[in-house]
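Inspection log for the structure reproduced underneath, given as C-alpha cells.
The values are calculated or read from the model by the stated rules, or taken from the named source; none is laboratory data. On a predicted model such as this, the values are computed, not experimentally measured, just so you know. All Cβ positions, even for glycine, are placed from backbone atoms using ideal geometry, and neighbour counts span all protein chains on display.
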C-alpha cells in the first residue's frame, strides 16, 4: 500500500473525514505526485522548493487562489501524516503561505426574516413537516443532505439532541425548544399520515408519497415557504445554515463550539463568521454611543 492510500485510510478511520473530503484530498495529492514525477522525485523526497514550484505552476495554469489554497491544505495534511509516521523528517509545505482570497459578503437572514419563514400557518401534514424541518435546520445549522439522511432514532426530544451523520463520525447537536415542539407535532400528527401504508424505513422527513425526502425536495420546500414569507430568491439551505451560525456568533458563541456544531473539519471554514462579530459591535456602538 502506498503512502497516499495509507493516508486515505488514516483520515477515514482516525479523523472521520467524509468521502467527499477524502476524494478531494486524494485527487490533490495525486496531482502533486504527478508533478513530482516530472521532476524525478517521489512524495517522500519533496522539498520546500518543490512545493513552491508546484504552487507557481498552478498559478501559471490559471488556477484560482481558492483552488491553490485547497491544494496546499491537502498537501499540508498529507505531509503532517508522513511526519507523524516518520516517513519524512519535516513538512515541505512549511513556510508556503496561502494566497489571499477575495472574501464574498456572507449572506444570511435577520432574526425577523427567520421568524417570518418559520411562521407557517399550514396545518396539513405537509405543513407540519415543513415547519419541523425548517425549525430543525435553523436550530442546528445542519446541511440539507444531513436533514435528508436523518432518521427518527437520531432525535432525542426529551434531552433535546440530534445525532448528525455526514460521512465521518456522528456529532451530537442540541435542539432548541421551538424546534423540539415542531418535531413532536410532526412525529405525532403528520408523519404517520405521510407514511400511509408504506414500509417504515425510519426516515425522519418523508415526501408526500411516504418515502425519504430528497435534497431536491428540500429545495422545493424552501422555495415554496420562502416565497410565502416574502423571501423570494433569498433562501437556500446554505443561507439558512449561515443564518444559524451568524446569530450564534452575534450572541456570543465561541468559534470552537460553533465548529463542532457545524461539523467543519477545518476551523478556517468557521472563522468566516467572525467578521459578523465586528459588524455587530459597530452596529451596537453606532446605536448606543451618543457621539458615534
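For the range 28-52, taking the residues that are in a helix (DSSP H, G or I) and without any contact (Cβ under 8 Å) to a residue 12 or more places away in the chain, the one that is nearest to the chain's Cα centre (by Cα) is identified as 34. In the set (1) modelled with pLDDT of 80 or more; (2) more than 22 Å from residue 145 (Cα to Cα); (3) assigned to a loop (DSSP other than H, G, I, E, B), residue 292 fails one condition alone, (1). Given the condition free of Cβ contacts under 8 Å to residues at least 60 places away in the same chain and assigned to a helix (DSSP H, G or I), answer yes or no: does some residue in the range 103-117 qualify? Yes: one or more hits. Exactly one residue among 166, 145, 90, 98 is in a loop (DSSP other than H, G, I, E, B), surrounded by fewer than 20 Cβ atoms within 10 Å (Cβ to Cβ) and touching a residue at least 60 places away in the same chain (Cβ under 8 Å), and that residue is 166. Among all residues of the range 14-26, there is at least one that is modelled with pLDDT of 85 or more and either over 27 Å from residue 141 (Cβ atoms) or surrounded by 12 or more Cβ atoms within 10 Å (Cβ to Cβ) (or both). With respect to the conditions (1) part of a loop (DSSP other than H, G, I, E, B); (2) at pLDDT below 90, residue 123 lacks only one, and its number is (2).
Would you check if there is a residue in the range 251-271 being more than 26 Å from residue 150 (Cα to Cα), assigned by TED's automatic domain parsing to the domain that holds residue 161, modelled with pLDDT under 85 and buried (at least 16 other Cβ atoms within 10 Å of the Cβ)?
Within the range 251-271 (the criterion being more than 26 Å from residue 150 (Cα to Cα), assigned by TED's automatic domain parsing to the domain that holds residue 161, modelled with pLDDT under 85 and buried (at least 16 other Cβ atoms within 10 Å of the Cβ)), the answer is no, since none of the residues qualifies.
Evaluated against (1) farther than 28 Å from residue 258 by Cα; (2) surrounded by fewer than 16 Cβ atoms within 10 Å (Cβ to Cβ), residue 158 falls short on exactly one condition, (1).
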